[in-house]
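Enquirer: Dropping the structure in here first, questions after.
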Amino acid sequence: MGAQNQQGDPLSPPPAGPLPGGRGFVSPTAPQGEYRLVTEQSVRYLPVTLGGEVIGFLWASPADEAAGYVRRLDASERAFRSPLTWSNRLREAYAERLPALAALRRWAGAPEDPEGGGIAADAQEQEAASLADLYEMTNPGSEPPPKIAGPEGFFPDGTPLDRSKGWGDLSPFTLEKPGYSFLTDSAVRYLPVTRSGVVLGFLWASETEDAADYQRRVPAGADGFRAGGLWVSRLDQCKREGLPPLEALRRWAGEPEHPEFGGIAADAEEREAPSLEALQEIAQR
């Protein structure tokens, strides 16, 4: 299932005043209408900059549809309200039913907000083994992220951990197991992801290993980067359905083109690269 661009009802902004702990992390007991705000899984993250200064990191965990923002405590004072900007943006993405990874990549290359900063179009997405590791990297020696507590699936006050509860068809976003590996030593098969004839990136799958992922095409800029959110989500869906990587690669060929994230044409030529590194070189052109 792909991301939808249907707008939900407007969501009210977070309450005024300091955020918990001054860290810029919204409380896990915040109102519904948000991604999960804590996770015990690995997270992918992007640096948020303001006037050339890294003021924090936007993160997402595709394993349980969690996303959030953590502010650098030693950043300049003008970044103090940056958590409000990113909280509102993530709520907007959630209202549009975007997968967490798509939300993470959505603002890459967008104009810098005067209070919240921005994410450069060429920002390098990285991975941390846990949210706690990201917190420690951002603010060494400070408090860790909130812990998940209470009955399984709920926070201590009874708030569902899964923010999609009550949204019905959003629940499939919650993964029951990890997706395909995004690393392989084998040759890979790949298909171009295009939008209006422009190649945004490549969907690839290993011929011999349980690996598949999306590789953005560098000349496509921020558009190619953002498209990865949808395609990784689609691969995760295929993994949940038990499809081998090569079947997942071919699953979406001929499906209607997404207006923002593109599609794979029915007659797209499937090609082979001798390695993932070779495909990455192709993606530089």
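Enquirer: Hey, what did segment 188-282 get for relative contact order, percent, Cα under 8 Å, at least 6 apart?
Expert: For segment 188-282, the relative contact order is 33 percent.
Enquirer: Moving to a separate point now. Just to confirm my numbers, what's the Cα centroid distance between segment 210-285 and segment 54-90 in Å?
Expert: Here the two parts' Cα centres lie 28 Å apart.
Enquirer: Okay, moving on. Give the Kirkwood hydrodynamic radius (Å, one decimal) of segment 35-152, defined as one over the mean of 1/r across all pairs of different Cα atoms.
Expert: 14.3 Å
Enquirer: Can you list residues from other chains, or at least 5 along the same chain, whose modelled amide H is less than 5 Å from the amide H of residue 188?
Expert: HN-HN under 5 Å from residue 188: 273, 275.
Enquirer: What is the extension gain from residue 266 to residue 77, computed as 0.36 nm multiplied by their sequence separation minus the C-alpha to C-alpha distance, in nm to one decimal?
Expert: Full extension of this stretch gives 62.9 nm more.
Enquirer: Using the scaling law 2.2 N^0.38 Å as the reference, what is the normalised Cα Rg of segment 188-282?
Expert: Scaled against compact globular proteins, the figure is 0.97.
Enquirer: Hey, another quick one. Where does each of 282, 55 land when they are ranked from fewest to most other beta-carbon atoms within 10 angstrom?
Expert: 282, 55
Enquirer: Next up: At 7 Å along the Cα-to-beta-carbon direction for both residue 255 and residue 122, put a label point, then send me their distance in nm to one decimal.
Expert: That separation, rounded to one decimal, is 3.2 nm.
Enquirer: Please compute one quarter of the surface area of the Cα convex hull for segment 230-285 and express it in square nanometres.
Expert: Computing the convex hull of the Cα atoms and averaging its projections yields 4.7 nm².
Enquirer: OK, next. Starting from 0.36 nm per residue, how many nanometres of slack lie between residue 285 and residue 199 once their C-alpha separation is accounted for?
Expert: Stretched out fully, the residue 285 to residue 199 stretch lengthens by 29.9 nm.
Enquirer: A further question follows. For the residues 250, 240, 44, what sequence is obtained by ranking on other C-beta atoms within 10 Å, fewest first?
Expert: Starting with the residue having the fewest Cβ neighbours, the order is 240, 250, 44.
Enquirer: Order by neighbour count: 49, 39, fewest other Cβ atoms within 10 Å first, most last.
Expert: The fewest-first ordering by Cβ neighbours comes to 49, 39.
Quick note: the coordinates plus some simple rules give every number you see, no bench work behind them. Only a predicted model underlies this, so the values are computations on that prediction, with no experimental measurement involved. Cβ atoms come from the backbone with ideal geometry, glycine included; neighbour counts cover every protein chain shown.
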